[in-house]
Amino acid sequence: MTAKSMMPYVEGNSAIRAMFEEGARMAAQFGKENVYDFSLGNPSVPAPEEVNNAIREILEEEDTLLVHGYNKSNSGYEDVRQTVAEHLNGLHGTAFTAENIIMTVGAASGLNVAIKALVDPGEEILAFAPYFVEYGNYAKNHGVNLRAVPADTMTFQPNLEAMKEMITPNTRAIIINSPNNPTGVVYSDETIRRLAQILKAKQEELGTEIYIISDEPYRELAYDGVNVPYVTKYYDNTVVGYSWSKSLSLPGERIGYLVFPSEMADFDNAIQAANIANRVLGYVNAPTLIQRVAAKCIDSKVDIDTYDRNRKALFEGLTDAGYQCVYPEGAFYLFVRSPIDDDVEFCAKAKEHNILVVPGKSFACPGFVRIAYCVSYETIVNSMPAFAELMKEIKESE
């Protein structure tokens, strides 16, 4: 019999994955070119050629017994971690060393490790709506309560005044995600400064430690020269989770890292707890071959001009058709206001036009839908008549 503890996860299975699976079924039925699947944030830009070259070089030049073996430390290869640290120092003026870095099985495992290491069962985490649907599952898996801070639907910058009122002595962490999934918004320098000020004051008032867990898989996907603030420079009690899934188009390789700054409270115990959590959660160590690939390709990036072109075309096409959304500054998503109150119903109506989008309800922000534009440019162009017809149909039914 299935474990009872897993049934809430089964019942709340990701709408994103369900829609993606539905897309595959519809493509087989109607033809892939006739289905406009904007459901999954799966990179559509190929990995840089340096990645393939690095894999070949490593397998040809290094001891494959070591390359494919266990790491001596659950934190990962020391030289890889040092490479990551020096790369971050060059970008952000930080002073990290290998001791501040833990290599992880992508950003998802990193977030789980951070929660396990820093938050006790029964304590709580706050997350700014809209937020990535899996945050709730990660918290629940560790016996932690996740509370959603209501969204500022005008700007989708974090609602800091609401957060301030929600913090209690039981609040142990705040999860932030910038560039944001699902809105594409980049949290501004002013926002991060104000967030840090509030948390510093709350720590002093309550006599507790409150951590920021900054989820950053989209850091390199920022457009028009927009700056993405590096949060450890604003607030000592910050853990950064990163993944190469988007910056190198490697979501299936599951490779990322955590940064624990030396300035954070109880650093020595925190980094050790995270190192052990990496093991006891079953990750053991990040994939060894891809650790070495990531180090070799530390300065490589995918060509985000493709995403930028899609972003502009989709935003212009949808707004011309009467849809409303905040112009995204990063990632590869638009968060569009549903033309009808029920976003789930709107997604069902969109499906009748072979359009697959994800309801905002899945991101703790009903009344909106997420559209992932990591698709071919032709998909965007070809979908515009269907979006226009959908809007026309809705207006005529009012």
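Only a single item in (1) closer than 23 Å to A129 by Cβ; (2) at pLDDT below 95 is not met by A364, and it is number (2).
Scanning the range 92-112 for residues that are of a type in the set (A, V, I, L, M, F, W, C) and part of a loop (DSSP other than H, G, I, E, B) yields A95, F96, V105.
For every residue, the table says whether it meets (1) under 15 Å from I298 (Cα atoms); (2) among the aromatic types (F, W, Y).
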position	(1), (2)
E49	yes, no
E61	no, no
L66	no, no
K72	no, no
F96	no, yes
N100	no, no
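Of the strands (runs of 3 or more DSSP E) lying entirely inside the range 113-187, the ones with 3 or more residues being in the same structural domain as T238 (by TED's automatic domain parsing), out of contact with any helix residue (DSSP H, G or I) (no Cβ under 7 Å at 6 or more places or on another chain) and touching a residue at least 40 places away in the same chain (Cβ under 8 Å) are found at 171-177. Applying the criterion of being part of a loop (DSSP other than H, G, I, E, B) and within 20 Å of the chain's Cα centre (by Cα) to the residues of the range 301-329, the residue that is surrounded by the most Cβ atoms within 10 Å (Cβ to Cβ) is P328. A count restricted to the range 17-50 and to residues that are surrounded by 18 or more Cβ atoms within 10 Å (Cβ to Cβ), of a type in the set (F, W, Y) and either modelled with pLDDT under 75 or over 18 Å from the mean Cα position of the chain (by Cα) (or both) stands at 2. Quick check on A372: is it farther than 15 Å from C325 by Cβ and assigned by TED's automatic domain parsing to the domain that holds M26? Considered against the rule, which asks whether it is farther than 15 Å from C325 by Cβ and assigned by TED's automatic domain parsing to the domain that holds M26, A372 comes out as no. Residues of the range 188-218 that are in contact (Cβ under 8 Å) with a residue 60 or more places away in the chain and either under 23 Å from S262 (Cβ atoms) or surrounded by fewer than 23 Cβ atoms within 10 Å (Cβ to Cβ) (or both): Y211, I213, D215, E216.
Looking at the range 58-67, which of its residues are exposed (fewer than 12 other Cβ atoms within 10 Å of the Cβ) and either in contact (Cβ under 8 Å) with a residue 40 or more places away in the chain or acidic (D, E) (or both)? Result: E60, E61, D63.
The values are calculated or read from the model by the stated rules, or taken from the named source; none is laboratory data. Note that the coordinates shown come from a computational prediction; the quantities given were computed from them, not determined experimentally. Virtual Cβ from ideal backbone geometry, glycine too; neighbours counted across all protein chains shown.
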